[in-house]
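K.L.:
Got a structure here, written out as C-alpha cells. Questions coming.
Read the figures in this text as sums done on the coordinates, not as results from a lab. This is a predicted model, so every value here is computed, not measured. A quick note on method: Cβ atoms are made from the backbone with ideal geometry, for glycine too, and the neighbour counts reach across all protein chains shown.
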Amino acid sequence: MKRRVAITGIGIVSCYGTGLRPFAEAMFSGRSGVRRIDSFDVSEYPVQIAATLGPFDATEFMNPKDARRYDMYIGLSVAVAKIALRMSGLAITEDNRERIGVYMGSGIGGIHTLYEQMKALLERGPRRVSPLFIPNAIVNSGAGVIAMQTGARGANFAHVSACSTSNHSIGEAFRAVRDGYLDACIAGGSEAALNPLGLSGFCVMKAITSEWNDEPQRASRPFDARRSGFVVGEGAGAFILEPYESAKARGAHILGEIVGYGSSADAYHITAPDPKGTGAAAAMKLAMADAGLSPDDIDYINAHGTSTPLNDKVETIAIKRVFGERAHTVRVSSTKSMHGHLLGAAGSIEATATLLALARQEIPPTINYENPDPECDLDYTPNTPVKHQMNYAMSNSFGFGGHNAVLIFKRGEDEIPSE
C-alpha cells in the first residue's frame, strides 16, 4: 500500500540569509533580494546584478577545516540538511540509518572549484592543481558529504536536470518514501554558481537581463511585458520526508504533505521551451493524476516564472492547456521575482515558498508586475500578497534541456516554525 508522505523539516539558505524567518518575511512583504554583485569585479560584465547569497557561515554547520576544504555548494547542502533535520526532530541512529536516504542535487555543482583550479593549472602548472579538485567539482559530493555529516546510509543520489533539479530530487524522494524503499529522506537542491566563469556563461547566452544594473530590485519581473531575462540567485533548500503515520507516531510536526509528482521532457531544444508547452503541460497533468486531483482542486500555482520572454509565455500556454477555463481563476505567482533564479536549487526554494503559502493561507506576490503582456493574461498575484483559502498547491520547475518536474503539496496540520 502506498504511504502518505509528510514534510517534517525545512532548511533554507537564500539571498535573505540563513533560515526561514528572513525568507518568509521577504516573501510576504514583496521584498527583492537582488543587488549588485560585490564578490568580484563586474565592471566589464554586461550583467552586474544577482540575488547573491545572504549572511551564511558554513562553520556553524561543520568544522572549520571542512568548511575551508569543500566547495560552497557542498557547504550549503550540508547546512540546509542539518537545519531541516533539526526542525524535524528526526534522530539518525544505528537502528534507522540504513533506511534514511539523501537525494540532494545541483544544476552545476562545484563551479567555484572548477574556476579556481583552472586558474591554478594555467598560471602555475598541472602539479599545483588541488587533489580535491574532482571531489569538490562533481555534483554528487553534496549528497555524499551530507551522508558523511549525518550518518544517513540509505539510497544516496544527486539529480542533475538544470533548473528542474530540486523538483526531481524531491519528487523521486517522495516516491521512494511513499513506496517503501526508504523510511525517511533528506531531499532538495543547492547552487552557488556566481563567479566570473558562471556569470560570463550566462551573459553570453543572453539568458539573464542586462537592462536593470542601476535598479537591481526591479530586474526580475516574471510575466511583465518588459521582462528581458532572469536574474541568477544563490542558495539551497532541503526537506525531511517521512511516512505520515510514523511521523505522527513520533510526535513530529506535519508541515505539509507531498501528494503528487510528474516529470516529462520537451524533446525540443537545448535551452528554449517547446513553444506549445507540451512537455510542461504533461508534467502538470501527471502530477495531478498522481495526486488523484483535478484542476478544480488546485488552489495556487507557484510558477516557474523565470522572467524570460519565452518561458513566461510558454508556461502561460501550458497552464491554459491543463486548466482550461480554470486557468483564469486559479491564483498564480512567481517568487523568482524576489529571490531570483537559483537554477538547480530553484525548486527547493520555491517549494519552501509554496509550503509557507499553504501554512499562512497567503499567496506571495509576483513583484515588478507593472506592464501587462497580452500573451500572459492569467492572475499572477501582482505586487501584493493576497490572503487566500488553500488546500493544494502546485509548484512548477522547467529546465534547460527540456526537463520538466512538477510537485503538488497539501496543506500541513501544524505551523511552520520560523527556524
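K.L.:
If I go through region 32-56 residue by residue, how many of them are touching a residue at least 12 places away in the same chain (Cβ under 8 Å) and acidic (Asp, Glu)?
P.N.:
Number satisfying all stated conditions: 1.
K.L.:
Right, something else. Kindly state which strands (runs of 3 or more DSSP E) lie completely within region 229-334 and contain at least 1 residues that are surrounded by fewer than 23 Cβ atoms within 10 Å (Cβ to Cβ).
P.N.:
Values: elements: 235-243, 256-265, 300-302, 331-333.
The qualifying strands (runs of 3 or more DSSP E) are 235-243, 256-265, 331-333.
K.L.:
Still on this structure, I have one more. What are the residues in region 10-54 that are part of a loop (DSSP other than H, G, I, E, B), in contact with a Ser or Thr (Cβ under 8 Å, 6 or more places away or on another chain) and over 14 Å from Gly233 (Cβ atoms), if any?
P.N.:
Matches in region 10-54: Gly19, Gly30, Asp38, Tyr45, Pro46.
Table: residues versus (1) part of a loop (DSSP other than H, G, I, E, B); (2) over 27 Å from Glu413 (Cβ atoms).
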{"residue": "Lys2", "(1), (2)": "yes, no"}
{"residue": "Phe56", "(1), (2)": "yes, yes"}
{"residue": "Arg68", "(1), (2)": "no, yes"}
{"residue": "Leu90", "(1), (2)": "yes, no"}
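K.L.:
I've got another one for you. Looking only at region 1-40, count every residue that is surrounded by fewer than 24 Cβ atoms within 10 Å (Cβ to Cβ) and hydrophobic (A, V, I, L, M, F, W, C) and tell me the total.
P.N.:
To start, the set of residues in region 1-40 that are surrounded by fewer than 24 Cβ atoms within 10 Å (Cβ to Cβ) comprises 1-4, 17, 19-22, 24-26, 28-32, 35-40.
Checking which are hydrophobic (A, V, I, L, M, F, W, C) leaves us with 1, 20, 24, 26, 28, 37, 40.
Counting residues in region 1-40 that are surrounded by fewer than 24 Cβ atoms within 10 Å (Cβ to Cβ) and hydrophobic (A, V, I, L, M, F, W, C) gives 7.
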